[in-house]
Structure formats: C-alpha cells, structure tokens
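The values are calculated or read from the model by the stated rules, or taken from the named source; none is laboratory data. None of the values given here were measured: they were computed from a predicted structure. Cβ coordinates were reconstructed from backbone atoms using ideal geometry, including for glycine residues, and neighbour counts include every protein chain displayed.
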Protein chains: 2
Amino acid sequence: MNSEWSLQQTYFSAQEFRASEGLFTQGNGYLHIRGSLEEHLSDCPQNVEYRRKPTNVTAEKFPNITSRWGTFIAGFMGKHPILNSQIVNLPYVLGLKIFHDGEALDMVHCEIASYSRQLNLRNGVLSRSFVWRTVSGPIITVRFERFISSTHKGIVVQRLKLSSDEDTNIQVQGGIDADVRTNGYDCFSEVFMESAGSNKVYCKVKVDGYSMGILSELISDSGDWEYYQFSKKNGLASIFELKKAIEIVIEKRTELKKIGLEKEDFLADFELEDLYSLTYENLLEEHTKQWDLKWRDSDICIENDPVSQLAIRTSIYHLLRTEVLEKGVSIDAKGYAGEAYYGRYFWDTEIYILPFYIYTHPMSAQKLLDFRINTLDGAKENARKYGYSGARYPWQTDIHGRECCANWQYADHEIHVTADIVYAILHYSKAVKSSYLNEASELIIETGKYWLSRISWSENNSTANLLGVMGPDEYTLVSNNNAYTNRMVKLNLELSAHISKLTGKNNREIKMFEEVAQKLPIPRKGDLILQCDEFETFAEPEFDKYWQDRSKPFASQVSQERLYRTKCLKQADVLMMMYLFPNDFTNQEVKKAWDYYYPYTTHDSSLSLSIHGFIALRLRMHEKAWEIWRKVSMLDLDIKNGSAAEGIHIASCGATWQLAVFGFAGMKTSLETDILTFDPILPKQWKSMSFRINWKGQKVFVRLYHDVCKIKNLSNGNIQVNVSGARGKLNADQEAVFQYRPDVEIEALEEVTR
Amino acid sequence: MNSEWSLQQTYFSAQEFRASEGLFTQGNGYLHIRGSLEEHLSDCPQNVEYRRKPTNVTAEKFPNITSRWGTFIAGFMGKHPILNSQIVNLPYVLGLKIFHDGEALDMVHCEIASYSRQLNLRNGVLSRSFVWRTVSGPIITVRFERFISSTHKGIVVQRLKLSSDEDTNIQVQGGIDADVRTNGYDCFSEVFMESAGSNKVYCKVKVDGYSMGILSELISDSGDWEYYQFSKKNGLASIFELKKAIEIVIEKRTELKKIGLEKEDFLADFELEDLYSLTYENLLEEHTKQWDLKWRDSDICIENDPVSQLAIRTSIYHLLRTEVLEKGVSIDAKGYAGEAYYGRYFWDTEIYILPFYIYTHPMSAQKLLDFRINTLDGAKENARKYGYSGARYPWQTDIHGRECCANWQYADHEIHVTADIVYAILHYSKAVKSSYLNEASELIIETGKYWLSRISWSENNSTANLLGVMGPDEYTLVSNNNAYTNRMVKLNLELSAHISKLTGKNNREIKMFEEVAQKLPIPRKGDLILQCDEFETFAEPEFDKYWQDRSKPFASQVSQERLYRTKCLKQADVLMMMYLFPNDFTNQEVKKAWDYYYPYTTHDSSLSLSIHGFIALRLRMHEKAWEIWRKVSMLDLDIKNGSAAEGIHIASCGATWQLAVFGFAGMKTSLETDILTFDPILPKQWKSMSFRINWKGQKVFVRLYHDVCKIKNLSNGNIQVNVSGARGKLNADQEAVFQYRPDVEIEALEEVTR
C-alpha cells in the first residue's frame, strides 16, 4: 500500500496506543469508532467511575489508561451530572476475543510477531495482522479488518482471518459490551440484552429521552455460535477447528440504530437484516466507491514531500469522516474521536472547519450553518438568560443550542462565537449560495440585536464599547474592546443592517446597527493594533523564568492567575483578526503585530500556530511558515506525544487544509474577491501541489509549481481566474498556464500605505 | 424575662423556622447546635443527598426545607467530594420525641396553644413551652429547656417537663440521629451504635482521620428506658404515667468527644460520667456564672432604645458564643450556626470580628491570630503552588491553612486576606501585647516576601503594581492596583521591613520591602480615590433598569457577567480602606469617595453597610448612619427575611459592635493612638450608651451621654484619656466626666486640607 495514502504501524506500543486509537478513528459522518483493538487489552477497564471537576477546560485530566474505547453517534448526547449534557460513549461493538488453549490473545501479554496495522485513508479501512506464538505451541496468523460503511449509515463491518501452522482449536467470542462510562459517568439508565437468533445478539441502552439499539451478527462457515450474557456484556462464542495452513474467516456486522423511547424496537427494522445477500467484498466495494467520490473533490497532491502528503491526507480523511450527514448536528471539537470537550460544538466549526467544506463539499458546509439556524431558539434563550435582547450563541453548545460550558469565564465572556457564525454565513453565502442570507435572516438580525444590547456607550457617545470580553486568546480573562471581537461584531452588525434593509425592518434599528458598527473601536497605538484597551497594562510573562519546559504548555507550568495578569497569549488574537480580515490592515501593521505578539504567544491552543503560518506567509517569512506547517500538519500524527489520545484536533485539520490552500496556494476566499484568485507561495520543499476547488458552483483543478500555475476548468461554463495579478478566462474544460511573480520580501513591502 | 436580654417568639411559623434555628444557635466556643426542635418536624428529612455546584459563592442554593439541623464542633472538618474540606454536620443529639396515644408531637400537625420560645442571651439557655391539645383529649403542657454547658466543653444539657390536665400515659424517645448530611453529602464513612447501659446510648461516627464519639444519657424519676436502634438512629424510649397536674421531669445529657482513629473509645473517658452527682440546677448555675463573666467585660447598655439594646446584645451573644477555646481553630463565616461557606475561615475574622475580642477579651483575640501563625506552613505551600515566594494565606482556609475555595476568581485573585492578617497582627500588638510582633515575625516576613514576588514593576520602575487583583468588592473581577489591597500591602511591607530590621535580616530584602511599600500606587483622579486603575472604564450599572426588586440582591437579578463589567459594587472597597486607614485621607476625599461610590454600591454583601455607617458618621450624616445602624444591627434578627437561615452573619455581629464602639462612641483604635480616645457621636434616639473597654490591659468603664462622657478607671494604674480633644488622666478607680463638642457638619470641615 502506498504510504502516502496510509497510516502505518509496525509495532505495538502500549504507551502510544491511546493516541493511535484517536488517530485511527473510523467513521461515516454518523457513526464513529476509535481505533481500539478488537480483542481489547487486559487491565483496561472501561467502566471506571470518576468525575472531573469543572476547572480549566484547557487542562482536563483523564485517567491514564492504555486504551480508551469510543463509539459515538453524531449528536447523540446524554446528561452529565454536573455539566449539563455531553456526547454518549456508546457500548463497544467491535469485540472479537480469541482464545487458544486457555490463553487469551492480548497484545501486551502474548508473544506477537510481524505486527502491522494500517489505516487506509483512501477508504477508511483499518487492518491489522500479526503472528501469535501461542504458549502451547501453534503459531497462529491473525488478520483483522474493519470499516464503518459509508453506504449504510449505522453499520460497521468486520472480518477476522485465522490460520495456524498446525492443526488446533481456537475459540472466538464476539459481542457487545455496554459496561462503558462517558467521562467517568454511566450515561445508561437501563441496559437491556437478549439473544436475537442463532447468530445475532441484541443490546439496547436507554439514555434520557432515547434508546440506542445495537444488533450484532456473526458470520462464519464453520462453528456453532453459543449465546452468552453476563453483567452488561453479551455475545456469541464458538470453537473453530484450525487445520494447518487453512484460513478460516469470521465476519461480524453490527448496526446501531436510534430508537425513540415510545417506539418499540423491531429487529426487522434494522437495515442489517437486508444485507444478508451482500458479501464482505460487496460491502467493501460500494463503501470504497463512496469514499472515492469523497476524495475526488477534496484530495490535495503534493509532489516530492511524502511527509506533507500523508499529513494533509490525514487531515482531509478526518474532515471527510466527520462530514455531517444529518440535520441537527455539527462537528464537535474532537471530531467524534474522543470524549474530551464532551462532544460539544465550538466556534472551531465556523472558523476553522467550514472553509474546507465550502470549497470542496458545499452542501455539507450548509449543514453546519443550518445547525446554527436550527438552534436559534437556544441562542435567544441564552441571550435572555444573560439579560440581553436577540440571540447569543453558547460558547459550548449542545444539539439544542444550550450553553454547556461549566467554566463561566468562557461561557459568560467569550462572546465572539455569535459574530463568528455570522461571518461564516456571509462566507458561505458569497461562496455558494447568496440566497442563504435570506434563510439566515432571522439569525443575522437577532444576533445584531444582541450586540446592540451588549454594548456600552462612552460618555459622549463617540464609541460603542464591548466591555468585559474574552477574545480568542483565553489567557486574557476579560478586557475591554477586544479587537478581534469588535471587528467580528462590526461585520455582524453591518450584515444585520443590510438584511434589515432588504426585509424592510424598522429604520431606527437599522440606524443603530450601522451606528454601532461604525463606532466599535479597534484599539491601536500608532501602527500597533492592541488586542484590547488594557493590553499594555499587563505584566511581562517572563517566559525564561517560568516556562522552563517548552515541550509542555505554558499553562501547565504556571497558575491560571499568572496567565490572566500577564501579556502571555494562548493563541493568535490580533493576528487571527488580520487573517480573517486581511484587507483591513497594511503589511506594516501586520508586521508590527507579529513582532509584538509573536514573542508573547504560547500556542497552548492548537488553534494558534496555523494562523501564524498564514501571517508568516503574508510577511514572506518562508522558513517560519514552513516550520509552522510542519508542526500544524503533523499535530495528530505525533503519536509519541499522545496528541490524538483524546480525539482528533479537527479544527487543526481544517486549519491544515486552509494553510495549504489559502496559505501556500494563496487562494483568496469569496469574502475577499468574486474572481477565483491565487497568489501562490509554494514551499521550496515541494515540487508541485494540486487540488480541486469548487468556486461558486464551478469546479476547477489547480496544479501549482514554483513558477507556473496550471488551472483547468472542470465545469460547463466560463470562469475568470487571477493568478498573482495575471487574469484570464477559462472556457469549459479549458486548461491554462499562468506565470507568477517571485516572492517579495517583507522589506520590499514597506512602502505600502494604508 | 427582660426582653432586652431575650429573643422571644410567641408563635410557631414553619416559614420562619429555619431562620430562627440559625438565630437561636447555642454554643460554648467548642460545641454549637442550631436552635432546632427537640421533637423535630415530619417531612423534614436531614439525609437528602445532593451536591451543590461550585458556582457563585454569593448565590448558594440550599434545598428549601423547614428545619435544618446543625451540630458543629469548631474545626472538626471532613472531606467534601468536590470542594476539598468542609465542616461536618454531626449527628443530631437533641432528639426528644413525645407520643400520646399514637399521636406524635409536631408543631405543624398538632393543635398547639400558648406557644412561647425564648433564647436567654445572658446565659444562652433556650426554652420553649406550649400546650398540646391531643387528638384523644388530654391537654398536655410541655416545657423544654436546654443549654450547652460553658463549663464542660462537649456537653449539652436538656430538660423536659410534662404535665397533663387529666391522667394519661405518654411515651418519650430520646436518642441520637446520625443520618445527617453536610451540604447534601454524607461525611460519615462509618456509623457505629450501641446501648451503653440502662439509660445511655452511644454512637460513633468516623470522618477522615478521626471519630466523634457521642454519649447520651436519659434521666427520669419514673419510667423504664428501652433501647432502640434502626438505620443510623438509636436511643431510649419509655412510657410515663402522667397524673393530672403532676409534672414529670426528664433530663437528657449528651457529650460529644473527638477520638483519634487509633485510640479506643472508652466510655469511662467521657466527662459525662463524672457529672452524675450534679443536678440540672447545679449545672445551670455554674454555666450561668461562666456566662456572667463573659458578659461582664463585653456588655453594651443602651438607654431608651430597646430595639438597639436587644440587637447589640444579640450580636455580642453570638460573639461570646463563638469565642475560641482551643488552639488550631478560628471562627467561621457563619459562626458555627450553619453549613453555608462550608465552615471555612475568611478575612472576616481579622477585620470584622477581631476588634471585639481585642477590646473585651484580648486572650481570645490572640487565639484567632495564633491560628494564622499555626497555619503558616499552609500559606507557604499556597504561595509555592501559585509560583510565588513566601506565604500567601488562602481565601477560604481550613484548619490546615489549605485553600478550599472552589471558585478560582476568589481563590486566585482576592489576595488581600494575606495583608489583612498582618494588619490584624499589628492591631493586636499595639492594643494588647507588643511582643506579639516577635511571635508573628516569620509570618510578617514571609508574607512580605510573597508581596515582593507578586508585584510587577512599571517600565521605568517608578511604580510597583499589583495586577490582576480582586479587592473586597467581588463584583469587580480582576483589576490593577486595587486601592484597598495596595494600601494593606503597603502596611504589610512596612511591617516586614520593620521586623526584618529588628531580627537583623538581610539588608537587600529590607530595602525591597521599603521600596515596594513606597511605590505601590493608590490610584486617584484629583480628590477621587479610584478603586482600581480601570474603574472608570466600567459601564454604568443602570440599577433603575436592572434592579427592579430592591428587596433582593442585585446579583440575583442580573448575570454575573453584568456585575463584572459594570461599576456596581458588592461592598465598600475604597470606603473600607478609608475606614481602616482613617488618617490617610481628608474628609474631603472621604466625602468625594462616598458621593462617587455610594450610588454604585449594592450592599449585596453583609460586610458592606456597616462600613458605610462609619463613613456616614465621619461625614456627620447622622440620619444615614442611623438608618445603616438599624439595618446592620438587625440583620440576623430579621426572621421574616430568613437572614439567619444558613447561620449567623458573625462578621456583621463584629461590625455591629464596631459601629457602636468605634462609630457612635467614637473610640479610636490602638492603630491610631496610644491614648484611649473617644470622639462620640451618640444617636439622638439614645439617652446613653455604656460599656467596658480593655485598653492595653487596663479596664475602663465608659458611659456616654449626648454632652458628657463618664469614664471610670477599673484598673490599678493610671490611664490617660482623650474625649473629643479634652485630655485627662484617671487614677486607679477614679471616675471623670468629660464635656464634648457638639457635632460638626461636614460642610464645616471643607477647609481641612490634606
């Protein structure tokens, strides 16, 4: 298998395993399962009861355990005893335990050789093979393979192949384990289990208003399956004769199906029953075809740098895996690959993840925004609770739009998410569907009303101030006139005014929208944009003194109190604004901001570095940009540091895509231009970079070299293109080659004025 | 009974009962028990399991229940599952249930007449009598009486008298109920119960490293006591013949005794066993004598205003009740009369409560400060945890000096407590024992070191700033250079320098103490002292719009976020500083501060109004001062508003005393003067006010009228006195009369310059 399409492991490491479970998560947008072992590990109980204190979200503490199961259905949430609601870690359905002569197969305790595990990014198939030198003699070759069907939404398909170097017997158990806690809490108010025929088992868990029904089927040519059930586990067990060098094959198919509590659960309703005529190969084939379609519009090819190639494909794989299928859900902060952040939705979706979908799978992009429109009532209720008008989106939302963040500093003060959503709606409407502004009109106006009630006028009414705000940089507790927030709100209000005019709403309010938009200050001191009014009053962070171990976050080495009273930044804030509003600022201002804030920025948030990558490119700091690219794109691949242990940094996947397309390829977004525009700055390490883009409904294929850019129009109509100032028009199917200017150093840009 | 010495109730009200339980708390400095009913109420389970979220301390939510038991031993703390440690609500030992013909005595469900309950403040005896018209006919007169012995530390003594208008039988049960939760949590890891002889029962509960042994004895002339035990309750029951008009008497005596887990609990070790020869009357007599001694040095007599008289005596009663007996404990925020604030210790002790003891019971005052010296190691550990040198006292301390506050905004940022302690030490050393500075020298130097590591220098080193601080006003989240904190820290550092010089510590550090003390800014704008650097940037609180119901706290009507971004104050902050450092500020500055801050102050904290009372007196705003006195002194007496439901506002008791003595009597503290000085401003509603004061070891008796002040020297030596500028010297036993000047209106003070 091509290593540019595959995540591979050639050894089993208990230390690294949990990170690989996160990284190897499979899914189809609906059902997601972490890359755990079919046979599991001993000494890894998944039912440990614990409760995390709702302290700092940044520094959540998880029990140190080698393997952590994770089976999630997008949007299937239950109660958390302290923290309102959280995603539910469902019963583990992948279990296939193997016993030989009383010895249980176990990667830690058995003698294992020729270990190999790989996740095929092209179709999301996870396979593992190894040789098991059993205690009693026979050498057994084991091959696991599994995928979550991309054509049958709740279904996971598994195959196990076994062979031996001598005749022997082997026992296989396959079933469902419902003794699973979510963040240390048992979400299941009831667990019901029963046999469902000769080769099927059934389990139903009750969670708040719903149940999840799980039907598992075991398929084998030989063997007699016998039902077992104890505690909260059930399944089927059978003994198989293994004839020397003759492989036996066992399949397991499982379906998870949400059932309303009122409804009876008829097994006949399960789709699994309809698939009996399809072989494993049939199912795999249709599954792979579906993945081919997903990749067709979204792959990025990089020549001459297999590391970057694999990294960008890994990011895209997870973005494709989490692509939302159904109404009423979004993409959670850990990409449905872990329990961290409780499966809730953040601004990450709109700002970091959305652009990938806008320019590759626009219909999926809309689903993410529809989620916000659907939860507008929750946002209105949230505004009301805080004593404001209009609609204010929660910092951490559940599927109902309720605030779920237990840390008031974020929930109360990190209000930019509301404006971020409007920014994203504007982006989508410009890129894909201008009529979407009408669909979102109530949201746009209601959020505008919220801002009107949230501002404080200065004494002479010369400025409208947002006081007591936390910006993206969560290491500044509350401040006045956070530049990022104010700029976002300005956009929000301008759009509120625009939409109000179209819908003929009251003039007084329109005037207010416009006036406040105009009077929101962006604090500055000469050319330096200030993160907030009081930024300069904060103390120096003294990193040399307090941040001794740079391999660990700054926040893990100092008290929160120090974070809050010093100039240290968790993540880009002013630079973030400059990335999202590039035309508002001169290069000189950007340079000034970089020079001032970069030394203060800890990048303790995974959302930080990527943004610095863009700014470095804008400032033509190629080496810095490349260094950042390496770190950002490799984040979850860093198995040794356990980066993906609690899930995928899905926002970082989106940022990796943006850094490739908006950064290196220099593509301008629809917010900046109506004409497909590239201003490429290809890394010298790459020979070429190619990808497809959906530009306002038209698809183009782009291949970039260091001096030329080839663009092919894949659509039926004409399309205008601008590459570093050279404009052209491509007819349907036409390909054109553009020369582009060499890099310009930042020094040469100093004459640019505002 | 004189109503100026007694809290009386003439009816039973379920609505008001919980507040009266708090207000009627009895205690002897060691053991404290809320004023609950001996027979209890039905439908009031005390074992409800719940867990409060560690959200805003200000707005704690308690289950709405008619009666809440509370049995506390000072400093006997156990674990809370989320919040580190808390005081333990011990088993209820007062139980005396009465049954007639199957009918249980119950204040809510039975027909009760001639109800009367009173707490005798002079000796802390709580008595209740009423007539019970039983369902089956007999009219039974019931008289309960009880006190917590002031001469036998763990012992509570009860008496029950019963009589009937016709011959009948009655059953009485008396025992121990260990099915009690503390803040909804079961602190007892083990409950052991047994019979302990014919008329005694024993119970032992295990809490962390200790056990509490409880021995109860029932004494009666007739009746046979039978042991019962079920669940976590045990006791003795007996049936008594009630002959018409012949009263029977039942006594119950209980001892609570702390037992190390290693130790066996020998019942013979219980003091209770030694009291068998003493009658109820004997015990009451020695108890009352002890209380007489307590009152002798601390009573305040007010002529012509029984309301104020009862109010000040109620405050003094609770201060005397909570007077610390043993090493290693202090006085918790609710005066051991409820579970709120988890029985932890705050700055309330040093700033609000301590002065009462300094000037009436100086040895008890020292115990409170000794507690801080004893927990210096905890404070050092706390500084270290935050990354600082020296010692930093916790915002909410347990008996080990550990931070127990689960709300980081207070724990991390409300740092003034450390300097408050040093202020109190200085106060005590000047008033009572100058050598105490030596005893506290390590504390004084270590706290100074903490401040050196906590400050941030301005760029040119012209100011040493304390950034990210919460002052006494908890509605300002964090701010720079909180005036109150900076002023306190200045005192702390000056004393650190002074002590360092005496002990010959290193010169560089002394220089730093002095330099930082000098360079801590008190922010100001002309004559207006600013609460903090940024105070003027906050928004207007718009009380008219958002604080519609002034009978409830502002905080209960708006979100915390609004509190944090507006100018609203929870309590006095700049005015608090002006009260504690009166000579630092001119009347003009004080007036300016009052005019500016008073309209912004919500007094949501019970610590606020009293301070405004002093300032109003300083500014000769007599009516305002009187209005404040009424509110402050009546706070816990306000049964209708349930003020004392969760315990006594013991800091407010201390403030009431201060407002009387430092306010109306105008006594200057030892921090201000070495000569006993009064500058009286007696309310026109009073004819006279008299009290004893311990001035530097000498006792004087003071009686104030509107124009003259009589002072009698009760000590053996001479004492100098100054009354409104008139100086005199009193020999031993000498009494003198001073005329003092009429009030001067604030307008007349305008010429005073700084």
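How many of the residues in segment B:545-589 are charged (D, E, K, R) and within 11 Å of chain A (Cβ to nearest Cβ)?
Qualifying residue count for the region: 5.
Where the second residue is in a loop (DSSP other than H, G, I, E, B) and among the hydroxyl-bearing types (S, T, Y) and the first is within 17 Å of A:C532 (Cβ to Cβ) and modelled with pLDDT of 95 or more and lies in segment A:579-606, which pairs have Cβ atoms under 9 Å and are six or more apart or on separate chains?
Taking only residues 6 or more apart or on different chains, the pairs are A:T601/A:S608.
Can you name the residue in segment B:3-22 that is assigned to a helix (DSSP H, G or I) and out of contact with any Ser or Thr (no Cβ under 9 Å at 6 or more places or on another chain) and, of all such residues, is nearest to B:I33 (Cα to Cα)?
Ranking the qualifying residues of segment B:3-22, first place goes to B:E16.
Which residue is surrounded by the most Cβ atoms within 10 Å (Cβ to Cβ), if the candidates are limited to segment B:221-231 and must be at pLDDT below 95 and not acidic (D, E)? Reasoning before the result, please.
Let us first name the residues in segment B:221-231 that are at pLDDT below 95, namely B:221-224, B:230-231.
In the following step, the residues that additionally are not acidic (D, E) were identified as B:222-223, B:230-231.
On the way: B:S222: 12, B:G223: 19, B:F230: 8, B:S231: 11.
The selected residue is B:G223.
Can you spot a residue in segment A:228-248 that is within 24 Å of A:Y336 (Cβ to Cβ) and in contact with a Phe, Trp or Tyr (Cβ under 7 Å, 6 or more places away or on another chain)?
No, segment A:228-248 has no match at all.
When the residues of segment B:488-543 are filtered to those that are within 14 Å of another protein chain (Cβ to nearest Cβ) and part of a helix (DSSP H, G or I), which remaining residue is surrounded by the fewest Cβ atoms within 10 Å (Cβ to Cβ)?
Only one residue fits best here, namely B:E536.
What number of residues within segment B:438-462 satisfy the criterion of being buried (at least 17 other Cβ atoms within 10 Å of the Cβ) and touching a helix residue (DSSP H, G or I) at 6+ places or on another chain (Cβ under 8 Å)?
Of the residues in that region, 14 qualify.
Those residues that are surrounded by fewer than 18 Cβ atoms within 10 Å (Cβ to Cβ) and of a type outside the set (D, E, K, R), I need them from segment A:638-670; list them, please.
A:N641, A:G642
Where in segment A:231-326 are the strands (runs of 3 or more DSSP E), entirely inside, with at least 3 residues that are of a type in the set (K, R) and in the same structural domain as A:F188 (by TED's automatic domain parsing)?
Here the list reads A:248-260.
Results for (1) surrounded by fewer than 17 Cβ atoms within 10 Å (Cβ to Cβ); (2) more than 23 Å from A:R313 (Cα to Cα); (3) at pLDDT 95 or above, shown as yes or no for each residue.
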site: A:K97; (1), (2), (3): no, yes, yes
site: A:L105; (1), (2), (3): no, yes, yes
site: A:I112; (1), (2), (3): no, yes, yes
site: A:R117; (1), (2), (3): no, no, yes
site: A:T134; (1), (2), (3): no, yes, yes
site: A:I139; (1), (2), (3): yes, yes, yes
site: A:F144; (1), (2), (3): no, yes, yes
site: A:I148; (1), (2), (3): no, no, yes
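Being within 14 Å of chain A (Cβ to nearest Cβ) and closer than 14 Å to B:M77 by Cβ is the filter here, so list the residues in segment B:369-402 that pass it.
Filtering segment B:369-402 for residues within 14 Å of chain A (Cβ to nearest Cβ) gives B:381-389, B:392, B:394-395.
B:P394, the sole residue that qualifies.
Which of the following residues is of a type outside the set (A, V, I, L, M, F, W, C) and in contact with a His (Cβ under 8 Å, 6 or more places away or on another chain): B:P91, B:P138?
Only one candidate qualifies: B:P138.
Report, by residue number, each residue of segment A:462-485 that is closer than 29 Å to A:S559 by Cβ and away from chain B (no Cβ under 11 Å).
Matches in segment A:462-485: A:G471, A:P472, A:D473, A:E474, A:Y475, A:N482, A:A483, A:Y484, A:T485.
Restricting attention to segment B:75-84, and to residues there that are within 20 Å of B:S211 (Cβ to Cβ) and in contact with a helix residue (DSSP H, G or I) (Cβ under 8 Å, 6 or more places away or on another chain), which single residue is nearest to the other protein chains (Cβ to nearest Cβ)?
B:H80
Taking segment B:593-643 only, how many residues are more than 22 Å from the chain's Cα centre (by Cα) and closer than 22 Å to B:V307 by Cβ?
Selection size over segment B:593-643: 9.
Among the residues of segment A:422-437 satisfying the criterion of being outside any helix (DSSP H, G or I) and free of Cβ contacts under 8 Å to residues at least 24 places away in the same chain, which is surrounded by the most Cβ atoms within 10 Å (Cβ to Cβ)?
Residues of segment A:422-437 outside any helix (DSSP H, G or I): A:432-435.
Narrowing the set further to residues that are free of Cβ contacts under 8 Å to residues at least 24 places away in the same chain leaves A:434-435.
On the way: A:S434: 11, A:S435: 9.
So, considering only residues that are outside any helix (DSSP H, G or I) and free of Cβ contacts under 8 Å to residues at least 24 places away in the same chain, the one surrounded by the most Cβ atoms within 10 Å (Cβ to Cβ) is A:S434.
Among the residues of segment B:684-722, write down those that are over 30 Å from the mean Cα position of the chain (by Cα), closer than 23 Å to B:P362 by Cα and β-branched (V, I, T).
B:I719, B:V721
Across segment A:665-683, which residue is nearest to the chain's Cα centre (by Cα) among those that are of a type in the set (A, V, I, L, M) and in a strand (DSSP E or B)?
Looking at the filtered set, the residue picked out is A:M667.
If you go through segment B:262-321 one residue at a time, how many are closer than 30 Å to B:A196 by Cβ, crowded, with 21+ Cβ neighbours inside 10 Å and touching a Phe, Trp or Tyr at 6+ places or on another chain (Cβ under 7 Å)?
Within segment B:262-321, residues that are closer than 30 Å to B:A196 by Cβ, crowded, with 21+ Cβ neighbours inside 10 Å and touching a Phe, Trp or Tyr at 6+ places or on another chain (Cβ under 7 Å) number 1.
Would a scan of segment B:686-694 turn up a residue that is assigned to a loop (DSSP other than H, G, I, E, B) and either touching a Pro at 6+ places or on another chain (Cβ under 9 Å) or acidic (D, E) (or both)? Full working, then the answer.
Step one: list which residues in segment B:686-694 are assigned to a loop (DSSP other than H, G, I, E, B), which gives B:686-687.
Those left that are additionally either touching a Pro at 6+ places or on another chain (Cβ under 9 Å) or acidic (D, E) (or both): none.
Scanning segment B:686-694, I find no residue that is assigned to a loop (DSSP other than H, G, I, E, B) and either touching a Pro at 6+ places or on another chain (Cβ under 9 Å) or acidic (D, E) (or both), so the answer is no.
May I ask you to list the residues in segment B:533-592 that are under 27 Å from the mean Cα position of the chain (by Cα) and of a type in the set (V, I, T)?
B:V574
Determine whether A:A411 is more than 25 Å from B:N407 (Cα to Cα) and either in contact (Cβ under 8 Å) with a residue 60 or more places away in the chain or in the same structural domain as A:L493 (by TED's automatic domain parsing) (or both). Explain how you work it out, then say what you get.
Details: more than 25 Å from B:N407 (Cα to Cα): no; either in contact (Cβ under 8 Å) with a residue 60 or more places away in the chain or in the same structural domain as A:L493 (by TED's automatic domain parsing) (or both): yes.
In short, no.
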